[in-house]
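Just below is one structure, and these are the notes that go with it.
The values are calculated or read from the model by the stated rules, or taken from the named source; none is laboratory data. Just so it is clear, the model here is predicted, and its values are computed rather than measured. Ideal geometry is used to build each Cβ from the backbone, glycine not excepted, and the neighbour counts take in all protein chains shown. Surface accessibility is based on the protein's heavy atoms, side chains included, excluding ligands, DNA and RNA. Shrake-Rupley method; radii C 1.70, N 1.55, O 1.52, S 1.80 Å.
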Amino acid sequence: MSKNLPIVPMRSAVLFPGMSLPITAARPQTLRAIEAALRDPDHRVFVVAQREDGDEILPEGLYTIGTIATLSSVQRGLGGVRVALEGHERGIVMRIAPSDGYLVATVSEATELPPLDPKDSAFVALHREVRDRAAELARKRGLPEEAIQQMLTQITEPGRLADLVAGYLDVPVADRQGLLEALAIEDRLRRVLIHTQRQIDVLSAQEDIQSKVQEELGGRQREVYLREQLRAIQKELGEGDGATDDALKALKAKLDKLPLPDDARKEVDREWARLSRGGRESMDSQMVRTYLETISELPWGTRTEEHLDVQQAAKILDEDHFGLGDVKDRILEFLAVHQLSGGNQKKGRILLFAGPPGVGKTSIAKSIARAMGRKYVRISLGGARDEADIRGHRRTYVGALPGRIIQGMKQAGSKNPVFLLDEVDKLGVSHQGDPASALLEVLDPAQNDSFTDHYLGVPFDLSEVMFIATANFLQNIPGPLLDRMEVVDFAGYTEREKLAIAKHYLVPRQLGDNGLAGDQLTLTDDAIREVITGYTREAGVRQLERELGRLARKVTRRIAAKEIERLTLDRGEVRPLLGRPRVHPEKAARADQVGTSTGMYYTPSGGDIMFVEASPMRGKGDLILTGQLGDVMKESARAAWTYARAHADWLSIDDRVFERDIHVHVPAGAIPKDGPSAGIAMATAMVSALSGRPARHDVAMTGEITLSGRVLPIGGLKEKVLGAVRAGITHIVIPRDNEADLDDLPAEVRDLLTVSPVDSLAEALSITLRDTTLRDGRLFFGDHRVADELRLAH
């Protein structure tokens, strides 16, 4: 139903239904509109906001949606009319016409759009969140708690609540008008929630700033007062200036002796002149003195004498670590080059130790320093998100410090330490810069002879430093940074290597750490193997050492309680002490199965096998994939499905099978899986299920496939093969391009395996499917045939 109402325009405000808004009207058009409304028994007006803030009121300058309101508390004065507007409901302007010097609008009531389901959990949560945030905003603005609770108790309707909160928001007129025009209650609640949260954040930031300013002012006043007291005490004791002068003289003498480059010497002289001119107790003088002390403590010309004996270094590396032959060879090669060059090879070498956790990346860096006779410094970069962590803060900031590189050099006290950058793949990026980009200069031998820390402001020579970085995942390191480092791969240990490490290193260390003498606890090889296989599942030995420590503590307790004096543990005594095994690795299947193949996969904790299961069933020819597979692994399954359909004739697959659905599942559904290397295993399982021919249970396979049936190389072959051997597999199928990677395997592992390198999927299927041969690029099956009816039933 339309109504003709006088228009009361608003220049910088918006009236919401259910709200009361006092205004002072002084413009002639507005005064005439109010007078006209007062002559009406209902005192009704149409309150609408202006698009532009101006004195002239034109129809095209008004919004089309406003609020139908009544006038109350009219007070006339010399400056105009003071009146209170009481909002009732939203109105939509149908037409605007002039009348006796004011504007009259033909208004139709706007209908609000309620939520589809007021009891929907999402809408209820939204309503509740708006109430909570509105109460929080009111508290920050200083409203009494009683008034807030009373207001929220009285208002239960979501739309009314949104209008009430919108009326008190401090937002521009355009945003307030947007809230008024939001006829859908759910949409209005969402918009109000956003504006409310923004205002809460602004008020919180203002409170933090005010608190910090108060703390800083209070701290400075206290510092001035304490310094005055200290000066008076030193004056009474006859101390103070003399002691300070002696310290400054010592600092000046130390600076003069340093072999500083010209740029650094010029900066030090300039800062010393500032320190001499300024008051010694001023804040600026303290900052300059701290800077000069930092300069004096850096190793500008101090070097550590190296031990360039390759044979002695090899002995030290073998004493500290078992295995790691490739890593030790790389280190000894570096030392040999350094020895033959007479120590004149100034450019440092940047090595990157990459591998799973617990394989000795960090500890071998310390052994390298000991073997070379250099100082050792380690900094952890895990979680660093600020460029200043590497380059330092500029001295203009309060509390500025050098970066971790310069602090590490200061700690080393030598120009040529072994500098370990631990967890370089865990660097983060934030609005404060990219620390990985800051490392580009540090790790570039062509640039790091003039590394400039923001705090120092002068170049510092890092070219003689041997940088070693460690990482678990190479893919997390930016390409330009990775390009500056020489990657040394740390692979996981075999069970034999873990046994040797435990016997020679871990067990003696844990016995000593847990108060046991060497003869009080004896572990047989079988007992250690039981701990390795039943209680650990890792590429390194950290968890193994923890379990051995737990075993030692339980024996220590029994000895302390005088139950026993000494103990020799065999395999059977491990479980009563450590409890049931908590690791259940996959084992090779006991028999061939139709539709089940054995794949190999790599994880940061080592390799393992997995089973791929495929089963046709009634349906419409769809491919169903389960087991929490990633996008790349799903693509491998689709490629295998397409290959099977395209070559069904010589794979002995009945075309009627493709009218049914096929379900492919990879067990351990709670674990995400991704990667292309399961392609051969996917194809074997599908072809086996569709043709009814069993897949061999004693063969594990890895390799990426294409639609044309090519087999592409994959990564992590060593870890995958070691995991397959641990599971009892003796025959593996790998891409032919990965054949060279078999050289990384220990000799005892290669002797146990039968390896079949393949170029095509047809060649792989001739090995992975039972009773199958390959002739002239095509598969031929033996006497093991399955009737079509049985195949379709499966």
The number of residues in segment 411-422 that are surrounded by fewer than 20 Cβ atoms within 10 Å (Cβ to Cβ) and either outside any helix (DSSP H, G or I) or modelled with pLDDT under 90 (or both) is 3
When segment 536-547 is checked residue by residue, the ones that are aliphatic (A, V, I, L, M), open to solvent by less than 10 Å² (accessible area, probe 1.4 Å) and over 24 Å from the mean Cα position of the chain (by Cα) are L544
Residue pairs qualifying under the 9 Å Cβ cut-off, at least six apart or on distinct chains, with the first in segment 70-85 being on the phi > 0 side of the Ramachandran plot and the second being open to solvent by less than 80 Å² (accessible area, probe 1.4 Å) and not in a strand (DSSP E or B), are G80/A26; G80/R27; G80/T30; G80/L31
D649 fails exactly one of (1) open to solvent by 60 Å² or more (accessible area, probe 1.4 Å); (2) in contact with a helix residue (DSSP H, G or I) (Cβ under 9 Å, 6 or more places away or on another chain); (3) closer than 20 Å to Y602 by Cβ, namely (3)
When (1) open to solvent by 40 Å² or more (accessible area, probe 1.4 Å); (2) out of contact with any helix residue (DSSP H, G or I) (no Cβ under 7 Å at 6 or more places or on another chain) are applied to M610, the one that fails is (1)
- Message: Going by what's in this entry, would A689 be described as touching a residue at least 40 places away in the same chain (Cβ under 8 Å), farther than 30 Å from E538 by Cβ and assigned to a helix (DSSP H, G or I)?
- Response: yes
Query - Flag for R133 being within 18 Å of L193 (Cα to Cα), outside any loop (DSSP other than H, G, I, E, B) and in contact (Cβ under 8 Å) with a residue 24 or more places away in the chain - result: yes
When every residue in segment 698-715 that is of a type outside the set (A, V, I, L, M, F, W, C) and outside any loop (DSSP other than H, G, I, E, B) is compared, the one least open to solvent (accessible area, probe 1.4 Å) is E704
**OP:** Would you check if there is a residue in segment 575-590 being open to solvent by 80 Å² or more (accessible area, probe 1.4 Å), β-branched (V, I, T), at negative phi and in contact (Cβ under 8 Å) with a residue 12 or more places away in the chain?
**Re:** no
The helices (runs of 4 or more DSSP H) lying wholly within segment 136-213 that contain at least 3 residues that are surrounded by 17 or more Cβ atoms within 10 Å (Cβ to Cβ) and at pLDDT below 90 are 158-168, 173-181
### Task
Test A122 against the criterion of being in contact (Cβ under 8 Å) with a residue 60 or more places away in the chain and of a type in the set (A, V, I, L, M, F, W, C), and give yes or no.
no
Pairing a residue in segment 508-525 that is over 17 Å from L578 (Cα atoms) and in contact (Cβ under 8 Å) with a residue 40 or more places away in the chain with any residue that is of a type in the set (S, T, N, Q) and outside any strand (DSSP E or B), where Cβ atoms lie under 9 Å and the two sit 6 or more apart in sequence or on different chains, gives G515/T556; L516/Q510; L516/T556; Q520/T556
The lone condition V721 fails out of (1) in contact with a Leu (Cβ under 8 Å, 6 or more places away or on another chain); (2) under 30 Å from G540 (Cβ atoms); (3) surrounded by fewer than 24 Cβ atoms within 10 Å (Cβ to Cβ) is (3)
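Yes or no, residue by residue, for (1) among the small types (G, A, S); (2) open to solvent by 40 Å² or more (accessible area, probe 1.4 Å); (3) at negative phi; (4) modelled with pLDDT of 85 or more:
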site	(1), (2), (3), (4)
A336	yes, no, yes, no
K361	no, no, yes, yes
I364	no, no, yes, yes
R370	no, yes, yes, yes
A384	yes, no, yes, no
E387	no, yes, yes, no
M409	no, no, yes, yes
H431	no, yes, yes, no
Taking segment 478-514 and keeping only residues that are open to solvent by less than 70 Å² (accessible area, probe 1.4 Å) and more than 30 Å from D525 (Cβ to Cβ), one is left with P478, G479, L481, L482, R484, M485, V487, V488
Criterion first (in a helix (DSSP H, G or I), under 22 Å from N472 (Cβ atoms) and at pLDDT 85 or above) does L439 satisfy it? yes
Of the candidates K347, K315, the one satisfying the condition of being among the basic types (K, R), exposed (fewer than 14 other Cβ atoms within 10 Å of the Cβ) and modelled with pLDDT under 85 is K347
In the set S615, S636, S605, S597, the lone residue that is at pLDDT 90 or above and open to solvent by 30 Å² or more (accessible area, probe 1.4 Å) is S615
Of the listed residues (A273, A253, A243, A264), the one being open to solvent by less than 80 Å² (accessible area, probe 1.4 Å) and either at pLDDT below 75 or in contact with a Ser or Thr (Cβ under 7 Å, 6 or more places away or on another chain) (or both) is A243
Here, helices (runs of 4 or more DSSP H) confined to segment 312-404 with at least 3 residues that are within 30 Å of R537 (Cα to Cα) are 325-340, 361-372
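Among strands (runs of 3 or more DSSP E) lying entirely in segment 465-566, which contain 2 or more residues that are within 30 Å of I406 (Cβ to Cβ)?
Here the list reads 466-471, 486-489.
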